[in-house]
Every structure is written in structure tokens, then in C-alpha cells.
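Here is the structure we will look at, set down as C-alpha cells.
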Amino acid sequence: MSFVDFQNVWLAYNDELLAQGHFAVEDISLQVDEGEFIAIVGPSGCGKSTFMKLTTGLKMPSRGRILIGGEPVTGPLKISGMAFQAPSLLPWRSTLDNVLLPLEIVEPYRSSFKRKRREYAERARALLHSVGLAGYEDKFPWQLSGGMQQRASICRALIHEPKMLLLDEPFGALDAFTREELWCTLRDLHAAQRFNVILVTHDLRESVFLADTVYCMSRSPGRFVVRRDIELPRPRDIDVTYTPAFTEIVHELRGHIGAFRNPDGKAAAIAQ
């Protein structure tokens, strides 16, 4: 059974747009295996972030249905964690307390937080250590670099041990060197814990380096027009990004981005 299962999903943002047949995304069908890492790429405004909202239950489809872990999505999911381009750490809280925040506000952790705070703090410290932030637990966001803040943000998204991590352009604001460091951090976290990952990105190198499968979306209304399995062996080191095989895949995907839609307004069917 697929862990994520989209079945002919369409979304219009309100009833008026639905009546007019204006959709943000259309006819999305895909299945993601448990533990799989997928990346979504496409031109700006194509519906990548809308897809994320559907996956987390923040938006309900106008047509079709979505199953996560075999269960229909009927509202916001508690089994997912999210990180965005802006780390959004609370400036008055230490790194450790920022990471602990979800456990303070989300059940079933909230009701036991005071009693289990020491246990949860140890979990947070272990996560921070795994991403290279040991010794920074008591620092405040303004004392951290952008890359450190994003590492803390990813730890916050993982502190409640979600089955699925959703990342919306998480490294887009960082310099190239820091971005590649965080690719390796995410690679190692995924290899160790095998949670599902859905990554939205404009960076094709990032998608090919990290993902098992890359999906390309058409211009709005967005739909998947290409699925590309990334057969590069794991574990992947940054050196692989300089190989002909890697470059060939990146160029292939670049050719699909912003694919022209047919005159009747329908994008081509998904290609393997």
C-alpha cells in the first residue's frame, strides 16, 4: 500500500472558481511508497505549494480523494512536520526551546509536556547534535547563522517524530555552500529515520541530489507532466553532482520545466 495516494485530485480555491472551472491544480494522481523521498519542481505559480497544502490536509480537494497511511485526509495531519524557506524561529526562545515548541502545543505531547520535559529536551538535544548544532542549544536565533537557523527549523519539524516531512523551498535563501551542507544534513537524517519526504524546490540540482523520484509540474493549472526516477546510487556525496550522469538528469528535467500546454489547455499525460 502506498503511503501517499492522490486519486484524480482537483482543487479550486472557492466555489465561484469551481463553477467557472478554474483550478489551481488538476487531475493529480500519484502514489508514494513508505520512506520514499520525492521532489516537486516546476515554474513559479504552478501549484507546488497548493500540492503541499493538500498533502497536509490544510486544503480539501474539490474533486478526487487523498489517502495518507491508508486513511482518507479529512483535516490537518498530526503525522507530518513542515519547514519553510524562512526558519521563523521565535526570537525570544533559545534554540532548544524553539525545537521543543511543537511538543508544547500539539497533543498528545502537550498534556504531558511539563512531566516529560527532561525526556523531550534530551530528544531535542540529540536531534540538534545530529545536525551539527551541539553546543548551540542555549543560543538565540539572532546568534545563529542562516544555515544554523534552518537546521534548527528542520529539528523542530522532526521533534514529534512525524512519518512525513514536508519542505517548501527550505534552502532557497541560503548561499550555495551552506545549501549543499544542508543537503547532506537532510540526506543523513532521512537515511537514519526513513520518514517520507516531500520537497518543493526550484533547484533542480537539489531535487536530483536528494530525491528518489522527481515530479515536474506544468504551468497553472498545475498537473504532473513528468515523473523521473533518480537511479543514482545511495548514499550520494556532493561529488556526484559533478558527474556526467547527474548533469544529464538535471538537463533533462530543465527541458521539462515550463512545458507548453496544448491548445486545448490540457497538459500532456504524466510520462515515465
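Each reported figure results from applying straightforward, stated rules to the coordinates on display, with no laboratory input. As the structure is a computational prediction, the values presented were derived from the model and not from experiment. Because the Cβ atoms are built from the backbone with ideal geometry, glycine has one as well, and the counts that use them run over all protein chains shown.
For the listed peptides 187-194, 159-166, 234-241, a ranking on the average number of other beta carbons within 10 Å per residue, highest first, reads 159-166, 187-194, 234-241. Bridging of residue 163 to aspartates and glutamates at a Cα separation below 13 Å is possible for 33, 34, 36, once same-chain residues fewer than 8 apart are set aside. Separation of the stretch 101-132 and the stretch 169-238, taken as the distance between their Cα centroids, equals 27 angstrom.
The phi torsions of the stretch 156-169, fed into the Karplus equation with coefficients 6.51, -1.76 and 1.60 and a -60° offset, translate into couplings of 4, 5, 9, 4, 8, 6, x, 7, 9, 10, 10, 10, 10, 6 Hz, rounded to whole numbers, with Gly and Pro shown as x.
Using only helices, what value at 222 nm comes out for the chain when you add -39,500 (n - 2.57) per DSSP H run of length 4 or more and divide by the total residues, to the nearest 500 deg cm²/dmol?
Details: 8 runs with 95 residues, N = 272.
Mean residue ellipticity, 222 nm, calculated: -11000 deg cm²/dmol.
Nearest-5 percent of antiparallel DSSP beta bridges in the chain?
45 percent
Taking trypsin sites (Lys or Arg not before Pro) across the stretch 89-141, the ones in a DSSP loop with at most 16 further Cβ atoms lying within 10 angstrom of their Cβ are 93, 139.
Considered as an equivalent ellipsoid built on the Cα gyration tensor, the stretch 87-161 has semi-axes of 20, 12, 11 Å, the largest given first.
Ranked by the mean number of other Cβ atoms within 10 Å per residue, highest first, peptides 243-252, 99-108, 35-44, 149-158 order as 149-158, 35-44, 99-108, 243-252. The label-point distance for residue 101 and residue 240, in a model that sets each label 7 Å from Cα toward Cβ, rounds to 3.3 nm. Database remark: amide H of residue 13 closer than 5 angstrom to the amide H of 24 (H placed geometrically; neighbours at sequence offset of 5 or more, or on other chains; Pro and chain starts carry no H).
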